[in-house]
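Structure first, commentary second.
The values are calculated or read from the model by the stated rules, or taken from the named source; none is laboratory data. Given the structure is predicted, the values throughout are model-derived calculations rather than measurements. Using ideal geometry, Cβ is built from the backbone for each residue, glycine included, and neighbour counts are taken over all protein chains shown.
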Amino acid sequence: MVRMLFEALIALHILGGVTGALAFWVPVIGQKGGDRHRKAGRIFVKALTLTGFCAMAMSLLTLWEPITTHPHLEGKFEPSFIRGIFGWMMLYLGVLTLNLIRYGWLCAYYPRDRLALREPVNLALQPLLVIAAANCAWQGWRIDQVLMIAISFIGFATVATNLWYMFKPKPSAVDWQKEHLKALVGAGISVYTAFMAFGSVRILPELALNPIMWAIPLTIGVSIILYQWARLDGRLRKSHTRPLPATKS
């Protein structure tokens, strides 16, 4: 029964992940703010929400029955290792994905209403992510997995920057766009990391912890964020230096 449920969750997880991975590039590459951007963005948010919930459910089943859910890893890794990587770390990544998706969507839906960002679900996701990140680091320390400790800092940084914007005294005109971009591209990083790292487990289990498999999506995603942030800052500077129209005498 556990195995059948786990396989069904994998199918939904892959469906949501593939849909989100494809929809991700439409707003990233295409024209910003148009109908296509918004439609693809809605698909991306719904797909990644499904993916995040499935990841959390799969992680809980793994914590309960690590060998039943991952029979191909029996004899290759200890149950404590499977629980750590495919249980606790995946649970943390699921919470991280839901946090980024919810926050990024709210930033776009309420671009200049930061009070709306402080709605109960979004606020609750902040301490929940801190707890999940701290637990991921702790579990990584217990099984001597530096990767789990290192990746936990993404969760801490996410919560810190989310709260900073939500309560920032005087945000700039483009801050909401930068936060929207940070969150949803960050969610895109998570889905591509899952495909490259966790997806490789069925072929070569050792690749799941290969730093290269984690570094490629992270490097590409952070590069997209920094590039788009620079463009937004450039437009803001131009708007401040543009001369005022001449008035009639």
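Can you name the residue in segment 40-79 that is among the hydroxyl-bearing types (Ser, Thr, Tyr) and more than 15 Å from the chain's Cα centre (by Cα) and, of all such residues, is surrounded by the fewest Cβ atoms within 10 Å (Cβ to Cβ)?
Thr68
If a residue has to be without any contact (Cβ under 8 Å) to a residue 60 or more places away in the chain and assigned to a helix (DSSP H, G or I) to count, how many in segment 72-94 make the cut?
Counting residues in segment 72-94 that are without any contact (Cβ under 8 Å) to a residue 60 or more places away in the chain and assigned to a helix (DSSP H, G or I) gives 6.
For Phe198, state whether it is modelled with pLDDT under 90 and closer than 26 Å to Gly41 by Cα.
The answer is yes for Phe198.
Mind listing just one residue for me: the one in segment 120-129 that is surrounded by 14 or more Cβ atoms within 10 Å (Cβ to Cβ) and out of contact with any Phe, Trp or Tyr (no Cβ under 7 Å at 6 or more places or on another chain) and, of those, farthest from Lys178 (Cα to Cα)?
Among those that are surrounded by 14 or more Cβ atoms within 10 Å (Cβ to Cβ) and out of contact with any Phe, Trp or Tyr (no Cβ under 7 Å at 6 or more places or on another chain), it is Leu128.
All but one of (1) assigned to a helix (DSSP H, G or I); (2) surrounded by fewer than 18 Cβ atoms within 10 Å (Cβ to Cβ); (3) at pLDDT below 90 hold for Pro27, so report the exception by its number.
(2)
Conditions first: (1) crowded, with 17+ Cβ neighbours inside 10 Å; (2) at pLDDT below 95; (3) touching a Ser or Thr at 6+ places or on another chain (Cβ under 9 Å). Leu117 passes all but one, so which condition is the exception?
(3)
Which one is nearest to Tyr110 (Cα to Cα), of the residues in segment 172-194 that are crowded, with 20+ Cβ neighbours inside 10 Å, at pLDDT below 90 and of a type in the set (S, T, N, Q)?
Among them, the one singled out is Ser190.
Residues of segment 201-235 being more than 23 Å from the chain's Cα centre (by Cα) and modelled with pLDDT of 80 or more, which ones?
Asp233, Gly234, Arg235
Please state which one of Arg102, Arg142 is surrounded by fewer than 22 Cβ atoms within 10 Å (Cβ to Cβ) and out of contact with any Cys (no Cβ under 9 Å at 6 or more places or on another chain).
Details: Arg102 fails: surrounded by fewer than 22 Cβ atoms within 10 Å (Cβ to Cβ).
Testing whether each residue is surrounded by fewer than 22 Cβ atoms within 10 Å (Cβ to Cβ) and out of contact with any Cys (no Cβ under 9 Å at 6 or more places or on another chain) leaves just Arg142.
For segment 1-22, which positions are surrounded by fewer than 15 Cβ atoms within 10 Å (Cβ to Cβ), assigned to a helix (DSSP H, G or I) and not small (Gly, Ala, Ser)?
The answer is Val2, Arg3, Met4, Leu5, Glu7, Ile10, Leu15, Val18, Leu22.
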